[in-house]
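Novice: Could you have a look at this structure, given as C-alpha cells, before my questions?
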Amino acid sequence: MRANRIISLKLSGRGAAIFCTSRSTKPSSSSSQQKSSPRAKAEKLKRRREREETILLNRNSSVDDKKVKLSDKEKIVYPICKPPGTKKDTSFPFPSSYSPEYVESSWYQWWEKEGFFSPEQHRVSHAVDQTFSLCIPPPNVTGSLHLGHALTVAVEDALVRWRRMQGYRVLWVPGCDHAGIATQTVVERRLLNQEGKHRQDFTREEFLQELWKWKNQKGEEIYHQLRRLGASLDWSRACFTMDPGFSRAVTKAFVRLCDSGLIYRSEGLVNWSCALESSISDIEVDSKELPGQTMLSVPGYENKVEFGTIVTFAYPIEGHDGEVEVSTTRPETMLGDVAIAVHPNDPRYQHCKHPFTNRLLPIITDSVVDMELGTGAVKVTPAHDHTDFLLSQRHSLPCLTVIAGDGTMMPPCGEWLKVHESHSSLKIIYLWFLSSLCPFFFSCLSRSGDIIEPLLKKQWFIQCDEMAKKAIQAVEDGQLEIIPHCFTKTWKNWLSNISDWCISRQLWWGHQIPAYQVELCNSTEKQEVGLWIFWVWGQSENEARHRAAVKYGVKLEDVTLTQDPDVLDTWFSSALFPFAMLGWPEKTTDLQRFYPNSILETGNDLIFFWVARMVMLGTELTRQLPFKQVVFHSLVRDEHGRKMSKSLGNVIDPLDVINGVTLEVGSLMTLEEGNFDPRERRVAMEAQRKNFPKGIPQCGTDALRFALCSHKMQGEDISLSISQVLSCRYFCNKIWHTLRYTLGVMGKNTIPVGTLKEVCSMDRWICSRLYSTVLQCEKGFEAYELHTVTSALYSFWVHSLCDVYMEYVKPVLSQQDEEAVARQVASSVLYHCVSMSLVMLSPFMPFITEELWQRLQPFRPGPAAQTSLCLEQYPCSSKLVGLQPSIFLTITKGFSFSRCNLLHIQNIYIGSKTESLANTASFPFGCSLQGSPQRIICIHLTLSSVSFTPTPTILMSYFTTSKNLLFGLPLGLLPGSSNLSILLPIYSLSHL
C-alpha cells in the first residue's frame, strides 16, 4: 500500500537524510485519471534508460552517412525593398535555384494586409453558404513554440486553407493562454536570478506588472512564430485569456456555475506545492519512478536527499504486551495518524495506541491493504495521503494536519517534529527499524521539480458528475464525434470515474476568484462555518454587496467584503475558449455565426485536461456542444522515440528548422540555462552533438509543414528527424525546377484542356493520373488523413509528372514552332497539370505555391484567376469529369503480342485514328486500348528481352526508359519466361 511518499527525514544519531516515497495509486480530488501499473512504469523507465545509454555509449561514434548532411546552399534574397504588405513582384527574373529565404519573403505580410484570412473576405465566385470555424489550442506564454506546436499549426492550417479554397466562410482564431503556474514560476525564477528578489519582495500589483511585461514579450514571439509558420489566422480576432473581454466571460461563468450549485467551497485533499504554496493541477504534476534507494537533487536544498527507504516502527497494542509494526515511507507524518489499517482477513491485530501522544488508534480493516507488503499493517494519515483520505471517508475517521502550506511542521507536533518536513529532527523514544528498499514513485512539479505534498485545504470545487454524464451521452448519441474512434473508450472510462475538480489556485497570476468573504458590522465571527454562510459571489464587488445585503437582511453600508485572493485554475478559463473567443456571454454576430465551432483539432494528450472540460462547461453554459468533431493528432517525439522535453534538450524551435542554426546558436545550446539533473543534461548534450554535429540546415517553412503532415497523425506517435524535413526541402527544389522548365517552354497561348481535341494517349494518361490524385486528396481531407493527401501529391508530381510525362513531352516541347498543334497541346496539358498541382499543394506549402502560381498566371487560359492562390478554388473531382479519359491501357514502346486474348475491347486508339482490333497485328508506340466498364480484360503479353512477374497491381501503363516502370514505380527484373499475364478489372480503374 505504501509505495509513493516523498519527504525527507533526519533521524537523531544517524546523520543521514532519508527521502521516502508515497503510494503508486493516488486518486486525486481534481482528477481521476487512470495511472498505469507499477510494472508498466518500470518497463517504461527501463526503455528510457536503454535509449539514454545508447546515446551516451555512442558519443564518440561518427555520424551515420545517412544523417543530415549540411551543405552550403546558395542563399538568394528577394532584392526588391517595398513597404510591408505590398504584393511581391513576380516579374523579377526566375532565380536559378530554390531558396526558402527568397520564396517566403513578403507573401505573409501581403496576405494579412489584404485580409485574405478574414471570414469577411467571403467574396469569391465559388463561395458556398457554409462556415468552418475552430480555435487554435492557445499556447502558453511561458516561452517559444516547439515542433509539437508546429504540428498543430501545420495540420490545422492545411484544413483551414482547404476549406477556404472550397468557398467556406472560414474563421480560425489565434490566442495565447496565461498559464498561471507555469508563467509565474518562470518569472519568479527570472527575478531571482537577475535581481535576487522573491515574489514576496513585491506587492501583488508590482509583481503583476512584471508578469505583464513577460507576457507582452513572449506573446509577440509566439505570434511571430505563427506567422513564420504560415498560419492563416484571423489576427483581428486574436485573444488572450486575460484580456478584459475574456476575463468578463470567466467571471460570468464562475457566477453562473455558483448560482446553479455546481461550484462549491469545501475542505478537500489537494496536490500542494510547498514552494509555490498553492494547489496544483494534475497535468502539472509528474509522477517519477525510482528503482530503490536514490540520492536526488531537490530545489531549495544544497545537498542531495535520499529517496526510497521504507521505515518500520512499532505501535504498542492497548492492554497487551505486544506491538504492531508499521511500514511507511512517511514517518514524519506519524503524528497525524488516526488509525491503523489491516486487511479484513488478517487476524494478527486488534487495538493499539500512538507511541508519542498515547492517543488510542482504532485498528480498521480494509481490502485496500496489501498483506504481503511490509508488515501488512499501514498507518492511516488522511490529511497527507490521497488513498488514506478516501479510506477515512469510508470509515468516518478524523483528519489531523501536521504539515503547513509552506512545508514546515505545525505547532501541534510539539517537541517531536521541528522546523521543516524535509529536514525534520525526530526524538527517538521508541523502537525503529530500517526495512528493505523497494521501487517507488513520487510526485513533483513538472515545471520546477518541487516536491508535491498532499494537503487538506479549503478550496473551490466544481461538481462534475452530471456534466460528465452529458459528455458521455453526446458521444454515444453521435452528437459529438471523436476521431480517431479508439479514443471514445478512453473518453467514457475517464469521465465515468471523474471526481470533483479543484479550481482554486493560491497564485497572483490569473483570474482572481469573484467570490467575497462577508463581514457584518455586528458580527465578530470571521471563521468559515459550513459551505456558503460567509461567502457571496458576483460579477463585480457592487453586485456581490447587493447579494450579501439581500442574503443577510442588512443594509449595504453594513456589509464589508474581502475578495478571495486565490485565482482560478488556468484550465477553467481555457475550457471557455471556443465561445469566449467569440464574445460570449454577449450575443455577438460571431457567436451566432460561428458557434458551435466546426471542429476541435489538438494533441491526444489533452483529451482529459482540456477537451473534456470544454465539452462539460460549454454544454452547461451555452446549452450547446462547443464543437461537432474532435480530431486528435499524435505527439511529436524525437528520432529516438523520446517525448519532446526541455530536460532532455530535444525541444527544437521551429524557426531553427526553418532558418537553420549551428550547434552553438539558437535553441540547441540552451541546456545550461535550465534546472536539469546532471545526467539529463549530459544525455541531452550528447544527443544534440550526435544528431546535429553541424547544426540544423535551412529547410524552410514549406518543407517543415509538408514533413509534419506526411506522418499519419491518427496513429502512433511521430518520431520526427531533421533528415525527413530536409528530404521535403529536396521536394521543394524539385517543384521549383519543374516550374522553371515549364515557364521556359510555355507558349504564348495555352488552351483549356477541356477544349483540346487532338490529344495523344500520354496526355490522356497524365490527365487520368491528375484526376486520380484529386480524388485521393478529396477523400484524404474528408477523413482527416493528411498523410494520404501528401503522399498522393508527392507521387503525382515526382513519379507521374516529372519522371514520365515531362520526359515524354520534352522532344515535343523542344520544337521551335510554337504554333505546332502537338506542341500547343503538350504545353497546355503541362500547364494544366502544374497549375492544378500547385493549387492542391497550397494548403501544405503556401509560400512556394503562391510564388510559382503567381508566375504562371500570365499563361493562364480562360477567365482571370483570384488575386491570391489561397482564394483559388480547390480542385473538385465532380468538375473534372470531362477530363477523365476512357479507360485504357497505354503502351509507350512498340511491342508485339505473340498471343493476345482481348475480351470486350471496344476500340484501339493510335494517335487520332480509331482502328478495330482485327486490323492490328501489333500495337505500336502510343497505342491506347479502350475497355468497356464493368468488364474484365485478360491480356497475355510476350515481351522481348525483359520479363516481369505478374503482380496484383492493376496495370494502367507500362513504360520502359532507363528503368522499367509500372505506374511510375520501379519493378524488379526476373530471369526466365518472357510471358506476362495480367487480369484487368476495368471497374477498378475508374477511381485510379
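Novice: Counting other beta carbons within 10 Å of each residue's own, what order do 607, 503 fall into, fewest first? Display every interim value, and only then the final one.
Specialist: Values: 607 18, 503 26.
The order, fewest Cβ neighbours first, is 607, 503.
Novice: At R0 = 22 Å, how high is the FRET efficiency between residue 489 and residue 716 if r is their beta carbon distance? Nearest 0.05 is fine.
Specialist: On the way: r = 17 Å, r/R0 = 0.79.
That pair, residue 489 with residue 716, gives E of 0.80.
Novice: A further question on this structure: Please list, in chain and number order, the residues 5+ apart from residue 170 or on another chain whose amide H is under 5 Å from its amide H, with Hs placed from the backbone.
Specialist: 132
Novice: Mind ranking 773-781, 848-856 by how tightly packed they are, going by the mean number of other C-beta atoms within 10 angstrom, highest first?
Specialist: Values: 773-781: 20.6, 848-856: 23.4.
With the highest mean Cβ count within 10 Å placed first, the list reads 848-856, 773-781.
Novice: Then there is this: Using per-residue counts of other Cβ atoms within 10 Å, averaged over each peptide, order 82-89, 242-249, 152-159 from highest down.
Specialist: Numbers: 82-89: 12.8, 242-249: 17.2, 152-159: 23.9.
Per-residue Cβ counts within 10 Å, averaged per peptide and sorted highest first, yield 152-159, 242-249, 82-89.
Novice: Among 477, 656, rank each residue by its count of other Cβ atoms within 10 Å, from fewest to most, as a rough exposure measure. Please list the in-between numbers first.
Specialist: Details: 477 8, 656 22.
Fewest-to-most Cβ neighbours within 10 Å comes out as 477, 656.
Novice: Let me ask you something else. What FRET efficiency do you get for residue 213 and residue 235 if R0 is 30 Å and r is their Cβ-Cβ distance, rounded to the nearest 0.05?
Specialist: Numbers: r = 22 Å, r/R0 = 0.73.
So, using R0 = 30 Å, E works out to roughly 0.85.
Novice: Quick check: pseudo-label points 7 Å beyond the Cα along Cα→Cβ at residue 857 and residue 465, how many nm apart are they?
Specialist: Taking the simple label geometry, residue 857 and residue 465 are separated by 6.3 nm.
Novice: Provide the gained length on full extension for the span residue 192 to residue 788, in nm with one decimal, where the gain is 0.36 nm per separating residue minus the Cα-Cα distance. Kindly include the intermediate steps, with their values, before the conclusion.
Specialist: Details: separation 596, 0.36 × 596 = 214.56 nm, distance 5.02 nm.
Full extension of this stretch gives 209.5 nm more.
Novice: Follow-up question, since we're still on this one. Provide the per-residue ³J(HN,Hα) series for the range 786-794, in order, calculated from phi with Karplus coefficients 6.51, -1.76, 1.60 and θ = phi - 60°, each as a whole number of Hz, with x at glycine and proline positions.
Specialist: Calculated HN-Hα couplings, in order: 5, 5, 6, 5, 5, 5, 5, 5, 5 Hz.
Novice: What spacing in nm lies between the two simple spin-label points modelled at residue 82 and residue 323, each 7 Å away from Cα in the Cβ direction?
Specialist: 8.8 nm
Novice: For 450, 564, 817, what ranking results if the residue with the fewest other Cβ atoms within 10 Å of its Cβ goes first?
Specialist: Values: 450 20, 564 17, 817 10.
Going from least to most buried by this count: 817, 564, 450.
Novice: Something else about it: Using a simple spin-label model with points 7 Å from Cα along the Cα→Cβ vector, what separation in nm is obtained for residue 126 and residue 873?
Specialist: 0.6 nm
Novice: Oh, and also: Would you mind putting 129-138, 537-546, 462-471 in packing order, based on average other-beta-carbon counts within 10 Å, highest first? Intermediate results must be reported in sequence, preceding the final value.
Specialist: On the way: 129-138: 20.3, 537-546: 16.5, 462-471: 18.1.
Per-residue mean Cβ counts within 10 Å order the peptides as 129-138, 462-471, 537-546.
Novice: Further question on the same structure: Size of the dipole of the range 72-205 about the Cα centre, Lys and Arg at +1 and Asp and Glu at -1 on the beta carbon, nothing else charged, in debye to 20? Provide the component values of the computation, followed by the final result.
Specialist: Values: 16 positive and 16 negative charges, 29 e Å.
I would put it at about 140 debye.
Novice: Holding the Cα-Cα limit at 29 Å, pick out from 304/694; 113/779; 113/218 the pairs that are longer than that. Could you put the intermediate results ahead of the total?
Specialist: On the way: 304/694 36 Å; 113/779 33 Å; 113/218 23 Å.
The pairs that break the limit, which is 29 Å between Cα atoms, are 304/694; 113/779.
Novice: Under the definition of Cα pairs under 8 Å and six or more residues apart, what whole-number percent is the relative contact order of the range 770-885?
Specialist: Values: 78 pairs, mean separation 32.7, N = 116.
Once normalised by length, the contact order is 28 percent.
Each value in this text was obtained by applying a stated rule to the coordinates, not by laboratory testing. On a predicted model such as this, the values are computed, not experimentally measured, just so you know. Glycine gets a Cβ as well: all are built from the backbone with ideal geometry, and neighbour counts include every protein chain shown.
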